[in-house]
Amino acid sequence: MRIIAGEYRGRQIRTTEGPGYRPATGKVRESLFSMLESLGVDWGETRVADIFAGSGSLGIEALSRGARDAVFVEKAAQAATLIRSNLEALGVERRRCSVVKTDALRWLGGSGCGPFELVFIDPPYGKDLLLPTLGLLLERGALAPDGIVCAEVEAGLRFENPPRQDLFLLRDKLYGQTRICVWRRN
């Protein structure tokens, strides 16, 4: 998989394979980051959380575009190791990134995470983790005021949109079997 834009443009990152892993395709990442830039994201002022990070492609793309820093939260040891390896291979400064190998809901329920101006959520399909993740993100103060949440979920997932009153829907797009929802915190 290649980085689309920014400092690491054209560089490759490795992805992991196995049940539940589906790295965001180049088309989906390009569209998502185009949406974010049209919404006025100021990368130099943006702290990013990539939750259910998998290969870390979304957080790495944000770092490439100049995000101030990024935290990658991934439960699987193999995937967390891969994210660290990708960050090292790209030469990302350690002060700009951290990889947390833990359960996303446990991490969000703890203290000291955030606030983040941009949060990517890519929960495993079929596990009903979107709403609990959003709830903890907002209730624990991990999302900054006016912060943006981008969720990559299965196309057929049903929920009220916005799923919470403290979120405002900015975008809801389908890409085959993938649905991207972008919300801003009210």
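Results for (1) touching a residue at least 40 places away in the same chain (Cβ under 8 Å); (2) part of a helix (DSSP H, G or I); (3) among the hydrophobic types (A, V, I, L, M, F, W, C), shown as yes or no for each residue.
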{"site": "Asp50", "(1), (2), (3)": "yes, no, no"}
{"site": "Ile60", "(1), (2), (3)": "yes, yes, yes"}
{"site": "Ala67", "(1), (2), (3)": "yes, no, yes"}
{"site": "Val73", "(1), (2), (3)": "no, no, yes"}
{"site": "Val100", "(1), (2), (3)": "no, no, yes"}
Hits in segment 157-170 (condition: of a type in the set (D, E, K, R), open to solvent by 70 Å² or more (accessible area, probe 1.4 Å) and either within 17 Å of Arg185 (Cβ to Cβ) or modelled with pLDDT under 90 (or both)): Glu160
In segment 126-145, the residues that are surrounded by fewer than 18 Cβ atoms within 10 Å (Cβ to Cβ) and either among the basic types (Lys, Arg) or within 23 Å of Thr178 (Cα to Cα) (or both): Gly126, Lys127, Asp128, Leu131, Pro132, Gly135, Arg140
Tabulated pairs, segment 118-143, first without any contact (Cβ under 8 Å) to a residue 40 or more places away in the chain, second open to solvent by 40 Å² or more (accessible area, probe 1.4 Å) and assigned to a helix (DSSP H, G or I), C-beta under 8 angstrom, 6+ apart or interchain: Pro132/Leu105; Leu136/Leu105
Filter result for Val92 (out of contact with any Asp or Glu (no Cβ under 8 Å at 6 or more places or on another chain), aliphatic (A, V, I, L, M) and either in a loop (DSSP other than H, G, I, E, B) or open to solvent by 10 Å² or more (accessible area, probe 1.4 Å) (or both)): yes
Segment 102-118, subset among the charged types (D, E, K, R) and in contact with a Lys or Arg (Cβ under 7 Å, 6 or more places away or on another chain), residue nearest to Val182 (Cα to Cα): Glu117
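The values are calculated or read from the model by the stated rules, or taken from the named source; none is laboratory data. All of these numbers come straight from a predicted model, not from anything done at the bench. All Cβ positions, glycine included, derive from the backbone under ideal geometry; neighbour counts span all protein chains shown. Surface areas here come from the heavy atoms of the whole protein model, side chains and all, with no ligands, DNA or RNA. Shrake-Rupley method; radii C 1.70, N 1.55, O 1.52, S 1.80 Å.
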